[in-house]
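**Student:** Submitted below is the structure of interest, expressed as structure tokens.
The values are calculated or read from the model by the stated rules, or taken from the named source; none is laboratory data. This one's a predicted model, so the numbers in the text were calculated from it and none came from an experiment. Reconstructed Cβ throughout: ideal geometry from the backbone, glycine too, with neighbour counts over all protein chains shown.
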Amino acid sequence: MIAEFDGEWITLGEEGLILYEQGGYGRPSGKSLKLTPEEALYLADRGKIEVKGHSFDSILTEFVEKSEFLRKFLVYRDIRERGFVIQSGPHDFRVFKRGQKPGKGTSFYMMRVLSERDLVDFVKIIEETMSARNMRKQFLLAVVDDEDEITYYEIKTNDPPVGTLEFTAEKTTGLAYGNAVIIPASPDSEFESALFGTRFDKERLMLSSLEALYLMDKGLLEIKGGITPDEFYRRVEDGDHELRQKLRAYSHLRDLKNIPRTAYKFGHHFRVYSGGKQHSELLVHAISEGETMPMSVISRSVRLSHSVRKKMLFACVKKDSIEYIEFARIKL
């Protein structure tokens, strides 16, 4: 089949409509078929079409100057070779269930293509995930690394599950030592049972700054010397530029009856226990609204979480809410 190139679209005559009917390629336009650059390049590479006045290399040269074209073509080719029909969509691509195609099926995935060096804008990712969910689709990231290998991630926005912790305690008074607070607590105290603090000695627990601030906010802790919650917050904030988002996430997780503990050894803010299992089930990293993170860093986080059998959540702390984003590697 001979196609014409007008500088934007590659168009086939009426005979090209069979490619749409049989393989879901292109979009019919009257008695012709319009192909996107990715579709045309893929079909030309397989000898299905010829573009008048162009070779495969010249077509590639024509489009590769456009931002992100090459990586999008690599993803398009990979999805096609996996047996799926793929078309350009409201994100980068929409992908149909295996065996289905336009006119005779529904798309299943909405897909965004990134490189390993791209910065992930969490607010944008949330918006695109919600958009896909409103269309009853799953949202995927296709990440192309510097050796042109592709990794697929399913993205979800879900709150952590509600835990089983029931916590009640009488108000206590502690002493502040730097950013830590030490409180009197016997080994069977309600605070230790709820996994607050670490044992300082037989009679006392040492609370982290987040634990102390949370308990002060709940009216369960007072610091000797008349130190107010605001004063203690400012003291801690001087040495922790992430305090605001960490405290919001910590408090929300606690309010959901979960037990957040430091995940420093995992390179994240919290490991989270539901209270019903011996081991933590989640890793949570708190980020502020508008913050970005390299995709390579997210990839390391997801691989680590999978290796220790935990889900990886990023808590995007907005002005009045928190959105949790789960990244999970999948095989198509």
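**Student:** Tell me, which residue of region 126-151 that is in contact with a strand residue (DSSP E or B) (Cβ under 6 Å, 6 or more places away or on another chain) and aliphatic (A, V, I, L, M) is surrounded by the fewest Cβ atoms within 10 Å (Cβ to Cβ)?
**Tutor:** Ranking the qualifying residues of region 126-151, first place goes to I150.
**Student:** Can you go through G290, G275 and tell me which one is touching a residue at least 12 places away in the same chain (Cβ under 8 Å) and closer than 22 Å to L213 by Cα?
**Tutor:** G275
**Student:** Any residue in region 77-88 that is of a type in the set (D, E) sitting within a Cβ distance under 8 Å of a residue that is surrounded by fewer than 20 Cβ atoms within 10 Å (Cβ to Cβ)? List the pairs, counting only those 6 or more apart or interchain.
**Tutor:** Within 8 Å, the pairs are D78/I150.
**Student:** Farther than 25 Å from S288 by Cβ and part of a helix (DSSP H, G or I) - does that describe any residue in region 196-209? Break it down into steps so the answer makes sense when it comes.
**Tutor:** In the first step, residues of region 196-209 are kept if they are farther than 25 Å from S288 by Cβ; the result is 196-206.
With part of a helix (DSSP H, G or I) added as a condition, the list becomes none.
Taking every residue of region 196-209 in turn, none turns out to be farther than 25 Å from S288 by Cβ and part of a helix (DSSP H, G or I).
**Student:** Additional query: Scan region 197-219 residue by residue and report those that are out of contact with any strand residue (DSSP E or B) (no Cβ under 6 Å at 6 or more places or on another chain) and surrounded by 18 or more Cβ atoms within 10 Å (Cβ to Cβ).
**Tutor:** Of everything in region 197-219, those that are out of contact with any strand residue (DSSP E or B) (no Cβ under 6 Å at 6 or more places or on another chain) and surrounded by 18 or more Cβ atoms within 10 Å (Cβ to Cβ) turn out to be S208, S209, L210, E211, L213, Y214, M216.
**Student:** A follow-up question, please. Can you name the residue in region 9-47 that is surrounded by 15 or more Cβ atoms within 10 Å (Cβ to Cβ) and part of a loop (DSSP other than H, G, I, E, B) and, of all such residues, is modelled with the lowest pLDDT?
**Tutor:** W9
**Student:** For residues that are more than 19 Å from K224 (Cα to Cα) and hydrophobic (A, V, I, L, M, F, W, C), scanning just region 182-195, find the one that is surrounded by the fewest Cβ atoms within 10 Å (Cβ to Cβ). Give the derivation first.
**Tutor:** Pass one, region 182-195, residues more than 19 Å from K224 (Cα to Cα): 186-190, 192-195.
Retained after the next criterion (residues that are hydrophobic (A, V, I, L, M, F, W, C)): 194-195.
Values: A194: 18, L195: 15.
Of everything passing the filter in region 182-195, L195 is surrounded by the fewest Cβ atoms within 10 Å (Cβ to Cβ).
**Student:** Would you pick out the residues in region 104-135 that are over 17 Å from the mean Cα position of the chain (by Cα) and without any contact (Cβ under 8 Å) to a residue 24 or more places away in the chain? Steps first, please.
**Tutor:** Within region 104-135, the first condition is being over 17 Å from the mean Cα position of the chain (by Cα), and the residues that meet it are 104-108, 134-135.
If the condition is that a residue be over 17 Å from the mean Cα position of the chain (by Cα) and without any contact (Cβ under 8 Å) to a residue 24 or more places away in the chain, then K104, G105, T106, N134 are the ones that fit.
**Student:** Also, I was wondering about something else. Restricting to region 68-110, count the residues that are farther than 24 Å from R46 by Cα and either surrounded by 16 or more Cβ atoms within 10 Å (Cβ to Cβ) or not assigned by TED's automatic domain parsing to the domain that holds D145 (or both).
**Tutor:** Final tally of qualifying residues: 5.
**Student:** Report whether or not F232 is crowded, with 17+ Cβ neighbours inside 10 Å, not small (G, A, S) and not assigned by TED's automatic domain parsing to the domain that holds I322.
**Tutor:** Numbers: crowded, with 17+ Cβ neighbours inside 10 Å: yes; not small (G, A, S): yes; not assigned by TED's automatic domain parsing to the domain that holds I322: yes.
Here the answer is yes, as F232 does meet what is asked.
**Student:** If we only count strands (runs of 3 or more DSSP E) wholly inside region 144-184, which ones have 1 or more residues that are under 30 Å from K311 (Cα atoms) and free of Cβ contacts under 8 Å to residues at least 40 places away in the same chain? So that I can check it myself, show each step before the final result.
**Tutor:** Values: elements: 150-157, 172-177, 180-184.
Once the strands (runs of 3 or more DSSP E) in region 144-184 are filtered for at least 1 residues that are under 30 Å from K311 (Cα atoms) and free of Cβ contacts under 8 Å to residues at least 40 places away in the same chain, what remains is 180-184.
**Student:** Looking only at region 48-78, filter to residues that are part of a helix (DSSP H, G or I) and basic (K, R); which one of those is nearest to G16 (Cα to Cα)?
**Tutor:** Of all residues in region 48-78, those part of a helix (DSSP H, G or I) come to 56-64, 69-78.
Checking the rest, the ones that are also basic (K, R) come to 71-72, 77.
Working: R71: 26, K72: 23, R77: 20 Å.
Within region 48-78, the match that is nearest to G16 (Cα to Cα) is R77.
**Student:** Something else: Looking at F314, F266 in this structure, which one is in contact with a strand residue (DSSP E or B) (Cβ under 9 Å, 6 or more places away or on another chain), surrounded by 21 or more Cβ atoms within 10 Å (Cβ to Cβ), more than 18 Å from A142 (Cα to Cα) and aromatic (F, W, Y)?
**Tutor:** Working: F266 fails: surrounded by 21 or more Cβ atoms within 10 Å (Cβ to Cβ).
From the options F314, F266, the qualifying one is F314.
**Student:** Only one residue in G26, G16 is touching a Ser or Thr at 6+ places or on another chain (Cβ under 9 Å), on the phi > 0 side of the Ramachandran plot and not assigned by TED's automatic domain parsing to the domain that holds E128, so which one is that?
**Tutor:** G26
**Student:** Okay, next question. Take the residues in region 119-143 that are of a type in the set (A, V, I, L, M, F, W, C) and assigned to a strand (DSSP E or B); name whichever of them is farthest from F108 (Cα to Cα). If you could, list the steps in order and put the result at the bottom.
**Tutor:** Let us first name the residues in region 119-143 that are of a type in the set (A, V, I, L, M, F, W, C), namely 119-120, 122-123, 125-126, 130, 132, 135, 139-143.
Keeping just the survivors that are assigned to a strand (DSSP E or B) gives 119-120, 139-143.
Details: L119: 26, V120: 23, F139: 9, L140: 10, L141: 14, A142: 15, V143: 19 Å.
Taking the candidates together, the pick is L119.
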